[in-house]
1. Being more than 15 Å from the chain's Cα centre (by Cα) and charged (D, E, K, R) is the filter; apply it to the stretch 21-56 and report the residue that is nearest to L72 (Cα to Cα).
2. Identify all residues within the stretch 75-96 that are within 21 Å of the chain's Cα centre (by Cα) and either among the acidic types (D, E) or loosely packed, with under 14 Cβ neighbours inside 10 Å (or both); write none if there are none.
3. Please enumerate the residues belonging to the stretch 14-64 that are more than 24 Å from S107 (Cβ to Cβ), of a type in the set (F, W, Y) and either surrounded by 13 or more Cβ atoms within 10 Å (Cβ to Cβ) or at pLDDT 90 or above (or both).
4. Show the residue pairs meeting these rules: Cβ distance below 7 Å; 6+ apart or different chains; first residue within the stretch 81-98 and free of Cβ contacts under 8 Å to residues at least 40 places away in the same chain and among the aliphatic types (A, V, I, L, M); second residue crowded, with 16+ Cβ neighbours inside 10 Å and assigned to a helix (DSSP H, G or I).
5. Could you list, in sequence order, all residues of the stretch 37-55 that are hydrophobic (A, V, I, L, M, F, W, C) and within 23 Å of C89 (Cα to Cα)?
6. Please work out which one of (1) out of contact with any Pro (no Cβ under 9 Å at 6 or more places or on another chain); (2) aliphatic (A, V, I, L, M); (3) farther than 23 Å from Y18 by Cα is the condition V60 fails and give its number.
7. Is there a residue in the stretch 106-117 that is among the β-branched types (V, I, T), open to solvent by 20 Å² or more (accessible area, probe 1.4 Å) and outside any loop (DSSP other than H, G, I, E, B)?
Amino acid sequence: MQRRGGTMRKGWLSWLGYCVLIAALPLAMLGAVSEANEYRAMGVDALDCDGPLGVLLFSVPAILIYAAGGILNARRFRRRRSAMVACLCGLICVPLTVNIGAALRESNRPDVRDGCRSATAQSVAPSVSRLRRYPVAST
């Protein structure tokens, strides 16, 4: 049942790799089309403090999967199937990289950093003062 030189195992692993790339395609599409500032995408000029995190949540794992797939298939670039898969992985990595860059630029804008930091401080401050108001009795 086993072919010469253990090629049956190599063939099985390559098909498993292709299945992983196909299964990660929805993750890559979500990472490529999600916006770093959803309010600006709707036409509203407002701060979106969790927008870049939403983009990075989908884009970073997808780019890691497709970069690894592209590198592994580029090693056997003379085979037609491997060359095609390596090129497709590269084409998928391009919009993911652009979207990651846009999300990082959005999170490093001064108004976003100051506005989101002050909003977080305002939401944390009342709970801290509430704890100070009622001291815990020692037993």
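The values are calculated or read from the model by the stated rules, or taken from the named source; none is laboratory data. Here the structure is a predicted model, which means the values were calculated and not measured. Here the Cβ is made from the backbone with ideal geometry for all residues, glycine too, and neighbour counts use every protein chain on show. Quick note on the areas: whole protein, heavy atoms, side chains included, nothing else; ligands and nucleic acids left out. Shrake-Rupley method; radii C 1.70, N 1.55, O 1.52, S 1.80 Å.
1. Among them, the one singled out is E38.
2. Answer for the stretch 75-96, where residues must be within 21 Å of the chain's Cα centre (by Cα) and either among the acidic types (D, E) or loosely packed, with under 14 Cβ neighbours inside 10 Å (or both): L91, V94.
3. The answer is Y18, and nothing else.
4. A86/G70; A86/N73
5. Of everything in the stretch 37-55, just one residue is hydrophobic (A, V, I, L, M, F, W, C) and within 23 Å of C89 (Cα to Cα), namely V55.
6. (3)
7. Looking for residues that are among the β-branched types (V, I, T), open to solvent by 20 Å² or more (accessible area, probe 1.4 Å) and outside any loop (DSSP other than H, G, I, E, B), one finds none in the stretch 106-117, hence no.
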